[in-house]
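This report concerns only the one structure given below.
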There are 2 protein chains.
Amino acid sequence: MVNKNRERITSAVTNLDLHDIARAAKTYGVRSFHVVMPLADQKSLIDKILNHWISGAGGRYNPLRREAMEMIQTKNSVADVLDHIRNEGAGVPKTVATSARKQARSIRISAFRDMLRSGEPYLLNFGTAWGLADDFIAHSDYLLNPIRGNSDYNHLSVRSAAAIMLDRLMGMKGEG
Amino acid sequence: MVNKNRERITSAVTNLDLHDIARAAKTYGVRSFHVVMPLADQKSLIDKILNHWISGAGGRYNPLRREAMEMIQTKNSVADVLDHIRNEGAGVPKTVATSARKQARSIRISAFRDMLRSGEPYLLNFGTAWGLADDFIAHSDYLLNPIRGNSDYNHLSVRSAAAIMLDRLMGMKGEG
């Protein structure tokens with residue numbers, strides 16, 4: 001990720017990023033949700049949260065929440081995520097970056113929606129803090145256009161951006 | 001709101017509901033975002049959060065966040081929200097309820113998108129906890145279809161549901 005000054009950082013875990021994105025992933029039929037976190041203390045915080053909602057009191061109180069939280073995998077790096085997916089026998093996914101800033105190589109979200117119909121695996125990446133680092137974006141196979149609302153303000157939370165993106169990519173619009 | 005057992009409750013404030021929904025509202029050109037909270041201690045918590053992000057250190061650190069948080073109005077009741085909008089000279093809005101459960105009277109989200117083009121004011125309502133109370137929904141002018149993903153799982157957070165709903169209603173899809 002980068003911080004406000006576009007310096008490379010590792011961002012801290014936000015509890016509701018885990019909940020909200022897992023629930024949206026489950027709603028939109030995403031196969032798995034990986035949280036990339038190289039810091040040991042932050043990883044143990046994730047474990048604590050997941051234990052509460054999967055095997056602990058949270059999961060007993062709210063089994064539907066447990067179902068979503070069970071999707072979460074914690075990994076040290078994107079390379080480890082790619083290994084995990086490859087080891088599951090799902091093939092080697094293409095990586096897709098998201099950003100609030102359009103670049104010359106950005107592709108339309110609707111074009112990626114069409115690509116997903118092929119059934120090939122894709123790893124869709126979202127950044128917390130001030131977004132994914134430039135070199136990560138540059139090395140991704142694809143970069144998606146930013147989400148446009150209907151104003152010049154483009155500072156959605158990562159939770160909102162992920163939810164909207166999944167809806168644009170996978171939502172059943174015809175029934176809405 | 002209702003709780004897990006569909007008993008009527010007043011739900012506590014969730015900090016990120018304020019941030020995420022204000023940011024989405026700003027992104028999608030919503031005129032104002034009202035948080036209905038009748039409990040004094042919870043209202044003072046909202047005030048504390050808003051003060052931090054509007055006149056305090058948060059607003060200086062992140063002016064874009066301040067711009068979103070400035071949209072938030074805290075009100076005791078939906079009747080007070082309607083009064084506020086009427087007093088602004090924007091007319092008397094029709095009330096629109098959202099719910100994860102479809103009813104016979106639910107209308108299509110796309111139909112409401114068309115209605116918004118008239119320029120008439122609408123007050124779109126989202127519930128926290130286990131959703132808006134049944135009698136509130138029954139007394140609303142309209143009820144929208146639930147958001148469908150592409151699975152049977154329909155337990156989005158209110159933050160995600162509000163973001164997706166605003167995108168379906170106001171998003172510039174042509175440019176995505």
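The values are calculated or read from the model by the stated rules, or taken from the named source; none is laboratory data. These numbers were taken from a predicted model, which means no experiment stands behind them. Heads up, the Cβs are rebuilt from the backbone with ideal geometry, glycines too, and the neighbour counts pull from every protein chain shown. We work out accessible area using only protein heavy atoms, side chains counted, and drop any ligands, DNA or RNA first. Shrake-Rupley method; radii C 1.70, N 1.55, O 1.52, S 1.80 Å.
On the stretch given as region B:16-51, residues that are more than 24 Å from B:GLY89 (Cα to Cα), assigned to a helix (DSSP H, G or I) and more than 9 Å from chain A (Cβ to nearest Cβ) total 14. When each of B:SER110, B:SER157, B:SER106 is tested for being in contact with a helix residue (DSSP H, G or I) (Cβ under 6 Å, 6 or more places away or on another chain) and either over 30 Å from A:GLN103 (Cα atoms) or away from chain A (no Cβ under 12 Å) (or both), the lone residue that passes is B:SER157. Among the residues of region B:93-103, the one identified as of a type in the set (Ser, Thr, Tyr) and either within 13 Å of another protein chain (Cβ to nearest Cβ) or open to solvent by 60 Å² or more (accessible area, probe 1.4 Å) (or both) is B:THR98.
Against the test of being modelled with pLDDT under 95, surrounded by fewer than 17 Cβ atoms within 10 Å (Cβ to Cβ) and aliphatic (A, V, I, L, M), the options B:ALA90, B:ALA138 yield a single qualifying residue, B:ALA90. Within region A:143-175, the set of residues being acidic (Asp, Glu) and either more than 23 Å from B:ARG148 (Cβ to Cβ) or surrounded by fewer than 23 Cβ atoms within 10 Å (Cβ to Cβ) (or both) comprises A:ASP152, A:GLU175.
Scanning region B:126-174 for residues that are aromatic (Phe, Trp, Tyr) and either under 13 Å from the mean Cα position of the chain (by Cα) or at positive phi (or both) turns up just one, B:PHE126.
The criterion of at least 2 residues that are closer than 23 Å to B:THR27 by Cα and not assigned by TED's automatic domain parsing to the domain that holds B:ARG23 is met, among helices (runs of 4 or more DSSP H) falling completely within region B:52-152, by B:109-116. The C-beta contact set for region B:102-117 (first residue closer than 13 Å to B:ALA138 by Cα, second residue of a type in the set (A, V, I, L, M) and not in a helix (DSSP H, G or I), distance under 9 angstrom, 6+ apart or interchain) comprises B:LYS102/B:LEU143; B:GLN103/B:LEU143; B:ARG105/B:LEU143; B:SER106/B:LEU143; B:SER106/B:LEU144.
Taking (1) touching a His at 6+ places or on another chain (Cβ under 9 Å); (2) over 21 Å from B:LEU156 (Cβ atoms); (3) surrounded by fewer than 17 Cβ atoms within 10 Å (Cβ to Cβ) in turn, B:LYS43 satisfies each apart from (1). Residues in region A:54-89 that are farther than 11 Å from A:PHE33 by Cα, within 14 Å of chain B (Cβ to nearest Cβ) and touching a residue at least 12 places away in the same chain (Cβ under 8 Å): 3 in all. Checked against (1) surrounded by 13 or more Cβ atoms within 10 Å (Cβ to Cβ); (2) within 14 Å of chain B (Cβ to nearest Cβ); (3) out of contact with any Ser or Thr (no Cβ under 8 Å at 6 or more places or on another chain); (4) of a type outside the set (A, V, I, L, M, F, W, C), A:THR128 passes all but a single condition, namely (3). Each residue in region A:131-149 was checked for being within 13 Å of chain B (Cβ to nearest Cβ) and in contact with a helix residue (DSSP H, G or I) (Cβ under 8 Å, 6 or more places away or on another chain), and 5 of them qualify.
The set of residues in region A:55-72 being touching a helix residue (DSSP H, G or I) at 6+ places or on another chain (Cβ under 7 Å) and open to solvent by 60 Å² or more (accessible area, probe 1.4 Å) consists of A:ARG66, A:GLU67, A:GLU70. Counting only residues that are of a type in the set (Asp, Glu) and either touching a strand residue (DSSP E or B) at 6+ places or on another chain (Cβ under 9 Å) or open to solvent by 50 Å² or more (accessible area, probe 1.4 Å) (or both), region B:1-40 holds 2 of them. Being assigned to a helix (DSSP H, G or I) and modelled with pLDDT of 95 or more is a condition met by no residue of region A:6-14.
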